[in-house]
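A quick write-up on the structure given underneath.
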Amino acid sequence: MDGYNFAYLDEQTKRMIHRALLKAVAIPGYQVPFGGREMPMPYGWGTGGVQLTASILGADDILKVIDQGADDTTNAVSIRHFFQRVAGVETTTATTAADVIQTRHRIPETPLRAGQILVFQVPIPEPLRFIEPSEQETRLMHALEEYGVMHVKLYEDIARYGHIATTYAYPVKVDGRYVMDPSPIPKFDNPKLDGNPALMLFGAGREKRLYAIPPYTPVESLDFEDHPFEIQRWEHSCALCGSDRSYLDEVITDDKGGRMFVCSDTDYCQTRRGDVA
Amino acid sequence: MKKPAQEYPVLLDVQDITRLYGPAKGCEAIDFRLHAGEVLGIVGESGSGKSTLLRVLAGLEAPDAGRVIYRRSSNEPEAARTGTGKHESGGDQKENAEAALDLYAIGEARRRALLRLEWGLVHQNPRDGLRMGVSAGANIGERLMAQGQRHYGQLRATGQAWMRQVELDPGRIDDAPRTFSGGMQQRLQIARTLVTRPRLVFMDEPTGGLDVSVQARLLDMLRTLVRQLGLSVVLVTHDLAVARLLAHRLMVMRHGQVVETGLTDQILDDPQHEYTQLLVSSVLTP
């Protein structure tokens, strides 16, 4: 580890991020600006999440990194190697064994427990951005709780598609106050945000914002009375483990139209297969 | 037959408003009262300070001096009008008690809530007042959703009813405003503004940029709506024909100051100030 501070970031930067995190935990769902640092990877690869993980990681912590639910995809592998190298921490693929889980686009299927920390990589932290391009205006809208436009988006979905067609980054209201973009997780995972015993931290590297959902915080997905919030469902079960309650990926297996549906959470799938065998 | 009320309560009390960007640029020492159910026209040439005054009145720009007092009638509490007590909960009791609100003393949060719930603003260019990226129905429903309406079917029914009211085809509720003509966009903007039944509406050249036949139908529709809904309107226009059709009372502005006020027909038929005389005589077809 010569030439690097523990977990790459210098201690001053970590302190700055800790302060921002404390504020974020104190005001659930509120976007706290922080002085984002250059990381040795491009924006869009999870620089926000990596900075949060680097700040909170302790020497005895066990780290798990997932990308779209899988432990073995490029993003997950490279970030795991990064922390092995700059922090020398133990890593795992088992959700239950991990203290810190950095994730892109999924919340693990295995229920999290108190004491665990889930770190999300966030591309666009501002849920109002699609309709209001001005940052000054969106901050004012958050401050004054002017959230009518969020329903304009959902209304537009129903008008165009007959149902709420937003399937990921589905807006939520945290603790009855701030409307928050839960990062591009599928709306299948939204119910897991509600009252979760784990601490959830969100980091956006390019936009230099972080926010948090403290443990056991009520999180509600926005909807209409006559078009209530619904999660995705599949007609299939996982082709490998047979689960009928996990988020499934469609995998093309040949060029003759062959396909199969498998769990996107690889650890969950493997654990179940181990249990069956 | 019931006699109409003689005394209409004062809705807007404008006291000595000054907003200057430079000498004679803006508006200076404007003083007037707007009564409930009244349509006040502000006329004058370009650069006379009409639009500046409107922006100050509508809560968009703080004046250098003076006050804008908005008087709620005490027998009509806000919550009953808008159908939701949710937004103002907590402050409700206090707010109903104080019937007079000083627009620039109440703080931004309440000023914006007022603009959203009880007032309306119709821009000259419908593109400033509409969300061009979302459908007509979403545009009409936005203010209702901001008030807390969460029933898609009802929002849609209200949207279609309002499209009929402003003479738009309700079948086009899912079309984007950009596919509408200029006149139709203006109708849509009016529907979007009036859907929450505001008490006071500000209009900045609502018929500007439209051709004459479209203007005539829009004016006709506006006149009907103003009467049906009992709106109070502050109307800024440079077109005396529009003022004659819509306004009960006129204020003539020049170089940021009011040069003459009076009933519309009185001003247009018997102008006293030389500038008003010039203005009236320069109209080709009065």
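Over 25 Å between Cα atoms, which of A:K192/A:K256; A:K153/B:K50; A:K14/A:K208 qualify?
Those over the limit are A:K192/A:K256; A:K153/B:K50.
Accessible area of B:H248, 1.4 Å probe, to the nearest 10 Å²?
Per-residue accessible area (B:H248): approximately 90 Å².
Whole number in Å², please: accessible area per residue of chain B, 1.4 Å probe, ligands, DNA and RNA not counted.
About 46 Å² of surface per residue is accessible.
Only four residue types carry charge here, +1 at the Cβ of Lys and Arg and -1 at the Cβ of Asp and Glu. Report the dipole size of chain A about the Cα centre in Debye, rounded to the nearest 20.
560 debye
With a bin width of 20 angstrom, please list the P(r) values of the protein assembly as shown as percents of all Cα-Cα pairs, from the 0 bin to the one holding the largest distance.
In order of increasing distance, the bins hold 18, 41, 27, 13, 1 percent.
Alpha carbons only, please: Rg and Dmax for the range B:152-230, in angstrom.
12.4, 37
Could you give the nm distance between label points at A:A59 and B:R164, where each point is 7 Å from its Cα heading toward the beta carbon?
Using points 7 Å along Cα→Cβ, the separation is 7.6 nm.
State to the nearest 20 debye the size of the charge dipole of the range A:235-277 about its Cα centre, where the only charges are +1 on K and R beta carbons and -1 on D and E beta carbons.
Result for the range A:235-277 is approximately 120 debye, rounded to the nearest 20.
For the range A:109-191, what value does the Rg/Rh ratio take when both radii are computed over Cα atoms and Rh is the Kirkwood radius, given to two decimals?
1.00
Quick one: what does P(r) look like for the range A:13-97 with 5 Å bins over all Cα pairs, in whole %?
Using 5 Å bins, I get a P(r) of 3, 13, 23, 23, 20, 16, 4 for the range A:13-97.
Only Cα pairs under 8 Å and at least 6 apart count here; give the relative contact order of the range A:169-213 as a rounded whole percent.
27 percent
Ignoring any ligand, DNA or RNA, what whole percent of the accessible area of chain B comes from carbon and sulfur when the probe is 1.4 angstrom?
49 percent
Rank B:Y70, A:Y4 by accessible area, highest first, at a 1.4 Å probe radius?
Largest accessible area first, the list is A:Y4, B:Y70.
Which FRET efficiency value, to the nearest 0.05, do you get for A:M41 and A:R177 by plugging their Cβ-Cβ distance into 1/(1 + (r/R0)^6) with R0 = 25 Å?
Here the calculated transfer efficiency is 0.15.
Calculate the spin-label point distance for B:E45 paired with A:K256, positioning each point 7 Å from the Cα along the beta-carbon direction, and give it in nanometres.
Going by the 7 Å Cα→Cβ label model, 8.5 nm.
Calculate the FRET efficiency for A:D244 and B:A100 from the Cβ-Cβ distance with a Förster distance of 41 Å, rounded to the nearest 0.05.
Efficiency computed from Cβ-Cβ geometry: 0.05.
Total Å² of accessible surface buried at the B-A contact, 1.4 Å probe, nearest 100?
Approximately 1900 Å², summed over both chains.
Hey, what's the range A:235-277 come to in accessible area per residue, 1.4 Å probe, Å²?
I get 66 Å² per residue for the range A:235-277.
Need the list of aspartates and glutamates near A:K173 for cross-linking: C-alpha distance under 14 angstrom, and skip anything on the same chain fewer than eight residues off.
Cross-link targets: A:E126, A:E145, A:E146, A:D181, A:D194, A:E220, A:D223.
Can you pull the Rg over Rh of the range A:235-277, Cα-only, Kirkwood?
1.01
Rounded to the nearest 20 debye, what is the charge dipole size of chain B about its Cα centre when +1 sits on each Lys and Arg Cβ and -1 on each Asp and Glu Cβ?
Roughly 1040 debye for chain B.
Where in the range A:22-110 are there GluC sites (Glu not before Pro) that are in a DSSP coil and have at most 10 other Cβ atoms within 10 angstrom of their Cβ?
Passing both the DSSP loop test and the Cβ count: A:E38.
What ranking of B:T193, A:T271, A:T110 comes out by heavy-atom accessible area, probe 1.4 Å, highest first?
A:T271, A:T110, B:T193
Would you calculate a helix-derived [θ] at 222 nm for chain A, using -39,500 (n - 2.57) for each DSSP H run of n ≥ 4 and dividing by the full residue count, to the nearest 500?
-8500 deg cm²/dmol
For chain A, max minus min Cα coordinate along each principal axis, in Å, sorted largest first?
58, 54, 36
Compute accessible area for the range B:101-139 by itself and then with all protein chains, 1.4 Å probe, and report residues whose area falls by 10 Å² or more.
With the partner chains in place, the range B:101-139 has these residues losing at least 10 Å²: B:E108, B:A109, B:R112, B:R116, B:R131, B:G133, B:V134, B:S135, B:G137, B:A138.
Could you work out the Kirkwood radius for chain B, taking every pair of different alpha carbons, averaging 1/r and inverting it, reported in Å?
About 19.8 Å for chain B.
Given a cut-off of under 8 Å on Cα pairs at least six residues apart, what relative contact order in percent is computed for chain B?
Normalised by residue count, the contact order of chain B is 25 percent.
Which whole-number percentage describes the relative contact order of the range A:66-153, with Cα contacts under 8 Å and a sequence gap of 6 or more?
After rounding, I find 22 percent.
Any idea which of A:L144, A:H81, A:Y170 is furthest toward the positive side of the dipole for chain A, if Lys and Arg beta-carbons carry +1 and Asp and Glu beta-carbons -1?
A:H81
Could you work out what % of the accessible surface of the range A:235-277 is carbon and sulfur, using a 1.4 angstrom probe and leaving DNA, RNA and ligands out of the count?
About 46 percent, which is the carbon plus sulfur part of the accessible surface.
The values are calculated or read from the model by the stated rules, or taken from the named source; none is laboratory data. Since the model is a prediction, treat every value here as computed from it, not as a measurement. Heads up, the Cβs are rebuilt from the backbone with ideal geometry, glycines too, and the neighbour counts pull from every protein chain shown. We work out accessible area using only protein heavy atoms, side chains counted, and drop any ligands, DNA or RNA first. Shrake-Rupley method; radii C 1.70, N 1.55, O 1.52, S 1.80 Å.
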